[in-house]
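Trainee: I'd like to ask some things about the structure below.
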């Protein structure tokens, strides 16, 4: 199994484009590519970008108006840097009237996804996919899975099922494409029931939302020898994975742990963590990445933090151009230890813009800030955060799910939180009260699912 399979796939797609598309051969001035370089990837992206801009301008009423209102034509984009001339698309644009983005007749639509992003209110967003879009989505799901698995693996998929062409169905198809055996387990089974499926099918890869996988692990680890089941990879998505959580999963299952970054608007499968475990390689066949300053919209080309922005390069149903994800990350510019030489890489998602709350004298807090502290306590399974006002001071209250309730664990959690320099500084300055900690048994918390953790601000 090679960690750079994703890179080989990209190179093969580019070579295929050279072979099959005379316009592309003319564009790059070559009849073949012996060795694909980063410059060749950039050329591919520019060609695909110009294609999608023309396509969206012709078929999407939203983008036709956006271009015309800003005096832009698709042919004005002559370089990747020129992309910055096009205004950003915000999730609220998609929510207000998703039909204005659609580029095909409704008879050509094979999948419609309606959803609300965590932490947002107002109208739901809707994304339309053709059969071709679905094929490309499942292609990448198979390729992404090849980062952590091979054709000998049994992949247990712990995702919601129900609607036609749901994510579990698509991942099942993607796993089949890369030759492994998928087991569609759903999300509502208990920890014991999931374990029974692992034993029955001899599952070697477990794919699940981060909070669900962690809770299952915490519920089972005291009564089962999970490290002896033969699971070789835990693959998690839809939630921040702190380093203490990663260590707990690795030690309990005696296996490697990888994370996946997905986004419904971009086709669910977007990026995977390679064996270097320090960031994501993403689907550069179908997506173009930018990082921007979320306040000014300025493109960031160094390793500063910024908001992740994607442009779809192959989408037929709902193409999205310079789409703001509201996720904060950074480009990783140093070479990746996995050996990939032509792939871009971005770091883990530290927070969403909607998850940030200001406290004290303007300091920002967000859930992942506390994940690194709270999950150091082995008994912690999950937690909820509320921000209150007490005697004119900000006070953070934590309700923490633990496998065992005790005063000692409560004190450990409080001490871990008080080790935060941000909390120390604000408490010392009299701007914040000491955090409150209340423990709860697992039965008092809903089963960990897919919802991203947010801070409830009651001030």
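The values are calculated or read from the model by the stated rules, or taken from the named source; none is laboratory data. These figures come from a predicted structure and were not determined experimentally. Note that we place each Cβ from the backbone using ideal geometry, even for glycine, and neighbour counts take in every protein chain shown.
Trainee: Given the options 409, 455, 396, 377, name the one that is over 27 Å from residue 353 (Cβ atoms) and within 30 Å of the chain's Cα centre (by Cα).
Mentor: Working: 409 fails: within 30 Å of the chain's Cα centre (by Cα); 455 fails: over 27 Å from residue 353 (Cβ atoms); 396 fails: over 27 Å from residue 353 (Cβ atoms).
From the options 409, 455, 396, 377, the qualifying one is 377.
Residues checked against (1) closer than 21 Å to residue 195 by Cα; (2) surrounded by 20 or more Cβ atoms within 10 Å (Cβ to Cβ); (3) touching a helix residue (DSSP H, G or I) at 6+ places or on another chain (Cβ under 9 Å):
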{"residue": "136", "(1), (2), (3)": "no, yes, no"}
{"residue": "147", "(1), (2), (3)": "no, yes, yes"}
{"residue": "160", "(1), (2), (3)": "yes, no, yes"}
{"residue": "167", "(1), (2), (3)": "no, yes, yes"}
{"residue": "173", "(1), (2), (3)": "no, no, yes"}
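Trainee: Ok, one more. With the stretch 7-78 as the region, which helices (runs of 4 or more DSSP H) entirely inside it contain at least 2 residues that are closer than 30 Å to residue 274 by Cβ and either under 26 Å from the mean Cα position of the chain (by Cα) or outside the structural domain of residue 136 (by TED's automatic domain parsing) (or both)? Steps first, please.
Mentor: On the way: elements: 22-28, 38-59, 61-69.
In the stretch 7-78, the matching helices (runs of 4 or more DSSP H) lie at 38-59.
Trainee: In the stretch 296-314, what residues are closer than 19 Å to residue 87 by Cβ and either modelled with pLDDT under 95 or touching a strand residue (DSSP E or B) at 6+ places or on another chain (Cβ under 8 Å) (or both)? If you could, list the steps in order and put the result at the bottom.
Mentor: Within the stretch 296-314, the first condition is being closer than 19 Å to residue 87 by Cβ, and the residues that meet it are 296-300, 306-313.
Across the stretch 296-314, the qualifying residues are 298, 299, 300, 306, 307, 308, 309, 310, 311, 312, 313.
Trainee: Consider the stretch 24-41. How many of its residues are in contact (Cβ under 8 Å) with a residue 12 or more places away in the chain and surrounded by 15 or more Cβ atoms within 10 Å (Cβ to Cβ)? Can you show your working first?
Mentor: Residues of the stretch 24-41 in contact (Cβ under 8 Å) with a residue 12 or more places away in the chain: 24, 27-28, 30-33, 36-38, 40-41.
Add one more test, that the residue is surrounded by 15 or more Cβ atoms within 10 Å (Cβ to Cβ), and what stays is 24, 27-28, 33, 36, 40-41.
So the count comes out to 7.
Trainee: Take the residues of the stretch 217-240 that are in contact (Cβ under 8 Å) with a residue 40 or more places away in the chain and outside any strand (DSSP E or B): which is surrounded by the most Cβ atoms within 10 Å (Cβ to Cβ)? Before you say what the answer is, go through the steps one by one.
Mentor: At the first step, the residues of the stretch 217-240 found to be in contact (Cβ under 8 Å) with a residue 40 or more places away in the chain are 218-219, 222, 232-233, 235, 238-240.
If we keep only those that are outside any strand (DSSP E or B) as well, we get 218-219, 222, 232, 238-240.
Values: 218: 24, 219: 20, 222: 10, 232: 16, 238: 21, 239: 26, 240: 23.
Applying the filter and picking the extreme gives 239.
Trainee: For the stretch 148-183, which residues satisfy the criterion of being over 29 Å from residue 338 (Cβ atoms) and either touching a residue at least 24 places away in the same chain (Cβ under 8 Å) or not assigned by TED's automatic domain parsing to the domain that holds residue 262 (or both)?
Mentor: Passing the criteria: 160, 161, 164, 165.
Trainee: Spot the failing condition for residue 88; the list is (1) surrounded by 18 or more Cβ atoms within 10 Å (Cβ to Cβ); (2) under 22 Å from the mean Cα position of the chain (by Cα), and only one is missed.
Mentor: (1)
Trainee: Same structure, new question: So which of 331, 320 ends up being modelled with pLDDT of 95 or more and surrounded by fewer than 22 Cβ atoms within 10 Å (Cβ to Cβ)?
Mentor: Result of the check over 331, 320: 331.
Trainee: Okay, moving on. Please go through (1) part of a helix (DSSP H, G or I); (2) under 24 Å from residue 327 (Cα atoms) for residue 248 and return the number of the only condition it doesn't satisfy.
Mentor: Just one mismatch for residue 248, condition (2).
Trainee: What's the total number of residues in the stretch 91-107 that are touching a residue at least 40 places away in the same chain (Cβ under 8 Å), farther than 21 Å from residue 299 by Cα and either within 23 Å of the chain's Cα centre (by Cα) or outside any loop (DSSP other than H, G, I, E, B) (or both)? Spell out the reasoning first.
Mentor: We begin by selecting, within the stretch 91-107, every residue touching a residue at least 40 places away in the same chain (Cβ under 8 Å); these are 91, 94, 98, 100-104.
Narrowing further to those that are farther than 21 Å from residue 299 by Cα: 94, 98, 100-104.
Those still in the list that are either within 23 Å of the chain's Cα centre (by Cα) or outside any loop (DSSP other than H, G, I, E, B) (or both) too: 94, 98, 100-101.
Matching residues across the stretch 91-107 total 4.
Trainee: Could you grab me the full set of residues in the stretch 179-197 that are buried (at least 21 other Cβ atoms within 10 Å of the Cβ) and part of a helix (DSSP H, G or I)?
Mentor: 194
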